[in-house]
Amino acid sequence: MPMPPPPDLAALSLAEIARLVEEARLPPVDSWHPAHCGPSDMRIARDGTWFHQGSPIGRMAMVRLFSRLLRREGDGSYVLVTPVEKLDIAVEDAPFVAVELKAEGAGADSRLGFRLNTGDVVVAGPDHPLRFAHGADGPRPYLLVRRGLEALIVRPVYYELAERALAADDDPPGLWSNGAFFPIGAAA
């Protein structure tokens, strides 16, 4: 069955985005415990590009399919898992990249929706918190997508978030989404 194309975030309200999130049917990868089969010869680069045997995977439908089979293990490693096999996959930073922001409301009534490089949509909130780390290249914001899998928020979207946080009157500066507050300062 072909996967539907990713939604156009700009054309959707955050209520519609939340509905899409609720309707997303992901495979139950947490309940699958097959034998480990070795490396997958796959890698996810920091910019979100998926590679197989050193070459970028050009078909977005394949990337979306593989992203739904991704799981983070207790030791922090990543695997692609099906009911019959488990393969290691190298992830340079975070397995997803948040490439677009849609914000509605102000203050504690704000909602922040993100479109990922895979086409999936996530609304930040208590179940999908934002965190801000600092690296040698400056602040690195992340969004929890699901079950220990995060999205690195691209720099232009981070600037939108920072502008929004600085325009608010919160002390410390931060962001509200779905009733949760996320300080924009560094976290561990």
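A short reminder: the numbers here are calculations on the coordinates, not readings from a lab. Model, not experiment: these values are computed from the prediction. Positions of Cβ are backbone-derived with ideal geometry, glycine not excepted, and every protein chain shown enters the neighbour counts.
Per residue, the chain reaches -5000 deg cm²/dmol at 222 nm when only DSSP H runs of four or more residues are counted, each adding -39500 (n - 2.57).
Mean silhouette area of segment 145-188, derived from the convex hull of its C-alpha atoms and averaged over all directions, reads 3.8 nm². The phi torsions of segment 60-66, fed into the Karplus equation with coefficients 6.51, -1.76 and 1.60 and a -60° offset, translate into couplings of 4, 4, 5, 4, 4, 4, 4 Hz, rounded to whole numbers, with Gly and Pro shown as x. Taking segment 59-122, how much of its Cα-Cα pair set, in percent, is spaced more than 16 angstrom apart? Taking all Cα-Cα pairs of segment 59-122, the fraction more than 16 Å apart is 57 percent. By the Stokes-Einstein formula, at 0.692 mPa s and 37 °C, the chain with its Kirkwood radius over alpha-carbon pairs has D equal to 189 µm²/s. With the charge dipole of the chain set up from +1 on Lys and Arg Cβ and -1 on Asp and Glu Cβ about the Cα centre, the Cα lying farthest toward the positive end among the listed residues SER40, LEU130, VAL99 is that of SER40. What is the distance, in nm, between label points placed 7 Å from the Cα along the Cα-to-Cβ direction at HIS52 and at VAL84? Inter-label distance under the simple model: 1.7 nm. Put a plus charge on the Cβ of each Lys and Arg, a minus charge on the Cβ of each Asp and Glu, and nothing anywhere else: the dipole of the chain about its Cα centre is then about 500 debye.
Approximating the spin labels as points 7 Å out from Cα along Cα→Cβ, the ASP170-to-ARG59 distance works out to 4.2 nm. Applying both filters, DSSP loop and at most 14 other Cβ atoms within 10 Å, to the trypsin sites (Lys or Arg not before Pro) of segment 86-188 gives ARG147.
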